[in-house]
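A short write-up of the structure that comes next.
Taken together, the values in this text are just the output of simple stated rules run on the coordinates, not laboratory data. Note that the coordinates shown come from a computational prediction; the quantities given were computed from them, not determined experimentally. Backbone-built Cβ (ideal geometry, glycine too); neighbour counts: all protein chains shown.
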Amino acid sequence: MRPEYPRSLHEFRRLFSDEAACRLYLARSRWPEGFHCPRCQQGEALELPTRLLWRCRACRHDTSVTAGTVLHRTRVPLTQWFWAAYLVSTQTPGFSALQLQRQLGLRRYETAWAMLQKLRRAMVHPDREPLKDKVEVDETYIGGREVGLRGGRHVLDKAIVVGAVEVRGEASGRVRLQVVPDVSARSLTGFVRTNVAAGAIVVTDGWGGYDPLPKLGYRHRPHTQGDRRRSTQILPRIHRVFGNLKTWLRGTHHGVGHAHLQAYLDEFVFRFNRRRTPMAAFQTLLGLGSHQQPTTYKQLYRVELNG
């Protein structure tokens, strides 16, 4: 059984007071039914705490408790990683790298920035359940004002973001956001196929890029200009999501470059979908990294340079 997640700040401080407590929590999260050697499947191991390793007593194979997580090969103390995960997942409206540096007392801004980027990239579960039942889908543009932008779907240097949100009566369910290169049918229907379950009702505006959806197994409900209603009226939930997203990006992060925009979208989605259970999100954030390859510092800075 996986360990309980902290339900208050007081409980967090009590559970994760030192490196040993954090290391034990990671081990219990990674092996909820007890240690199993990945090589020989035996269940007895010797802990090597200074190296964050567990050595199988049968075959002597070493297994890292942080391998495959956001903590993989980290030189930052586990206590600081736990605090970073806690702050990112529970504090509204989120943290910038400068705020994280100040809160954790880190000497270098670059350390805080890299920690945040690695946490953001651990927020997407590769096997997450697609949106279902009834879903609103639309696109928006992220970026500053541009001279010569002619309206409609013309775009110069802005980033195009397509979003989808489940309809739950008058409320919103889960959300998905993705940067796309253009608003072609290939990009838009590709996003829908990746994020929305087949057979769902998909509500869009009248843009032709969504026309292939019925052939792909969706019950498409387009609203054309003949409806004489603004898109914010026919697609109210996804436009509320877009409005909240832009306010968050401007207020917390003061704008985001295109190179890292998807990571920020993933953070927004992670927080939005867990808005009713923020404390549980802390445990989820630490555990998600074990389902995918961890992000290295070289990968982060390669994106920065190419962006």
Quiz item: When the dipole is taken about the Cα centre of the range 86-147, and only Lys, Arg (+1) and Asp, Glu (-1) are charged at their Cβ, what size is it in debye, to the nearest 20?
Solution: 500 debye
Quiz prompt | Charge dipole (the range 1-140, unit charges on Cβ, about Cα centre) - positive-most of TRP31, SER8, ALA58 | solution = ALA58
Self-check item: Taking ASP62, ASP182 and counting other C-beta atoms within 10 Å, the order from fewest to most
Solution: ASP182, ASP62
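I need the peptides 34-43, 168-177, 114-123, 195-204 ranked by packing, meaning the mean over residues of other C-beta atoms within 10 angstrom, with the highest value on top. Write out the running numbers ahead of the final one.
On the way: 34-43: 13.6, 168-177: 16.0, 114-123: 23.6, 195-204: 18.7.
The packing order, highest mean first, is 114-123, 195-204, 168-177, 34-43.
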Practice problem: Would you kindly derive the ³J(HN,Hα) couplings of the range 191-203 from the backbone phi angles with the Karplus curve 6.51 cos²θ - 1.76 cosθ + 1.60 (θ = phi - 60°), listing them in order in whole Hz, with x for Gly and Pro? | Solution: 4, 4, 4, 6, 10, 10, 5, 4, x, 6, 7, 10, 9
Exercise. Collect residues whose amide H, placed 1.01 Å from N in the peptide plane, falls under 5 Å from the amide H of ASP138; neighbours closer than 5 in sequence don't count.
Key: GLY163
Quiz item: About the Cα centre of the range 1-81, what is the dipole size in debye to 20, counting +1 per Lys and Arg Cβ and -1 per Asp and Glu Cβ, all else neutral?
Solution: 180 debye
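Under unit Cβ charges (Lys, Arg +1; Asp, Glu -1), what dipole magnitude, rounded to 20 debye, does the range 31-137 have relative to its Cα centre? Each step should come with its number before you reach the end.
Working: 16 positive and 9 negative charges, 101 e Å.
The dipole of the range 31-137 has a size of about 480 debye.
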Quiz prompt | Where Rh is the Kirkwood radius over Cα pairs, Rg/Rh for the range 1-54 | solution = 1.04
